[in-house]
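The values are calculated or read from the model by the stated rules, or taken from the named source; none is laboratory data. Bear in mind the structure is a predicted one, so any value in this text is a computation, not a measurement. All Cβ positions, glycine included, derive from the backbone under ideal geometry; neighbour counts span all protein chains shown.
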Amino acid sequence: MKEEILTILDDHAKLIEDLKECIPEIQAVANKIIKAYKARKKVVLFGNGGSAADAQHVAAEFVGKFYKERDALPALAFHCNTSSVTATANDFGYDLIFERQVVAFVEEGDVVIGISTSGNSPNVLKGIKKAKELGAITVGMTGRIHRCMPFSIAQVAPPVPVSATRPRRSARSSPKPGDPRWPMRRRR
């Protein structure tokens, strides 16, 4: 277990070091967000699974505070409205859950950030594409090894460096059902 923890910490340390290569892209996104907020616009974020959690966290930091006391800044994470997500998925299909909300809430000049580790989640791509059509500033966040989000859709796409080895290593070393280290026991 100690070796697994050290591997995870080493992978994260390498990620932080690798992020230094992305400073120009990070600055570009930050400047676009600052410009939008100065123009009284908002930031909208969306993604699936862990990317949705990231979107929600970032939105909360804008509305709350991040490092210093300041006025609340308008930011939304679209997956948080579960009634809208499930109704849209039921009535139109899961691919349109973000696009429909973009049409409802995004205005020209807003910053729309789509997060997709693979860079090819259909609902994220459709949401970003629709936001661009409406005149929003579009940002696509993907992993460098999966940099698939077309620049024709996302105007800024910082290539966040993600390790392809850690997930595979974790999958190989993590306990599976039947392994004595497996934490879940069936109830009888």
Residue satisfying all of: in region 99-120; polar (S, T, N, Q) and not in a helix (DSSP H, G or I); nearest to the chain's Cα centre (by Cα) among these: Ser116
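Kindly indicate whether Arg40 is closer than 21 Å to Ala136 by Cα and surrounded by fewer than 15 Cβ atoms within 10 Å (Cβ to Cβ).
yes
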Kindly indicate whether any position in region 90-97 is within 18 Å of Asp54 (Cα to Cα), in contact (Cβ under 8 Å) with a residue 24 or more places away in the chain and part of a helix (DSSP H, G or I). yes
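Quick one: is Leu45 among the aliphatic types (A, V, I, L, M), at negative phi and either crowded, with 16+ Cβ neighbours inside 10 Å or touching a residue at least 24 places away in the same chain (Cβ under 8 Å) (or both)?
yes
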Suppose we keep only residues that are at pLDDT below 85 and not basic (Lys, Arg) within region 18-37. Which one would you say is surrounded by the fewest Cβ atoms within 10 Å (Cβ to Cβ)? Pro24
Filtered residue count, region 1-15, keeping only those that are among the aliphatic types (A, V, I, L, M), over 18 Å from Thr142 (Cβ atoms) and within 19 Å of the chain's Cα centre (by Cα): 0
Scan region 13-35 and report the pairs whose first residue is closer than 23 Å to Asp110 by Cβ and whose second residue is assigned to a helix (DSSP H, G or I), with Cβ atoms within less than 8 Å and a gap of 6+ or a chain change. Ile26/Leu19
Take the residues of region 54-70 that are loosely packed, with under 11 Cβ neighbours inside 10 Å and in a loop (DSSP other than H, G, I, E, B): which is nearest to the chain's Cα centre (by Cα)? Tyr67
Does region 44-53 hold any residues that are within 10 Å of the chain's Cα centre (by Cα) and within 18 Å of Val139 (Cβ to Cβ), and which are they? Leu45, Phe46, Gly47, Asn48, Gly50, Ser51, Ala52, Ala53
